[in-house]
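Read the structure below first, then the notes.
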Amino acid sequence: MERELEKLKEELKLLSVKKENPPLDADLSNIIKYMMEEREKTNKLLVGITERIKKLEEELGNATYEESNSYSVIENREIPISGLDAKILGYVQAKGMACAEDVKVYMRYNGKNAACARLNKLCKDGLLDKFQLGHKVFYKYDAGKATNTLIISPPE
């Protein structure tokens, strides 16, 4: 690269001797050469960016296709739950958010294990959302998630 630059400088000196305004011509040729090099660098960068964008668009297209397929399977589903789970779901829905301790008191359980197990099952079924706030885990009913879900519980 340096050799080429030296050769160009020598050629510019030879050309500038023939011209009337040698310093101006040399400066212009250096500027033009610099601009050409920068344009090549910019073009290479643009090609790389364009390729990355195309890859991201393909990945995004595949992801939205997979998501739309998974939603179409879940669109209309039935979840059978027990009467106790229906009672807990109604409690969480009415209260907005509840933790295992709240369900333990409401259901009059001796320990939190039963309440935790039932809340986790409802969360796995997709009827409740789980949030950890500090050391407690809270469960929240999301009506938007359960709009296409038919909850079947036995008569009491």
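The values are calculated or read from the model by the stated rules, or taken from the named source; none is laboratory data. Quick caveat, the model's predicted, so the values are computed rather than measured. Cβ placement follows ideal geometry from the backbone for every residue including glycine, while neighbour counts extend to all protein chains displayed.
A few points about this structure:
- The residue that is modelled with the highest pLDDT, among those in segment 81-98 that are over 14 Å from LEU128 (Cβ atoms) and surrounded by 12 or more Cβ atoms within 10 Å (Cβ to Cβ), is LEU84.
- Across segment 77-99, the number of residues qualifying as without any contact (Cβ under 8 Å) to a residue 12 or more places away in the chain and not charged (D, E, K, R) comes to 2.
- Selection from segment 12-54 of residues that are touching a helix residue (DSSP H, G or I) at 6+ places or on another chain (Cβ under 9 Å) and modelled with pLDDT of 75 or more: SER29, ASN30, LYS33
- Flag for ILE151 being over 29 Å from the mean Cα position of the chain (by Cα), surrounded by 12 or more Cβ atoms within 10 Å (Cβ to Cβ) and modelled with pLDDT under 85: yes
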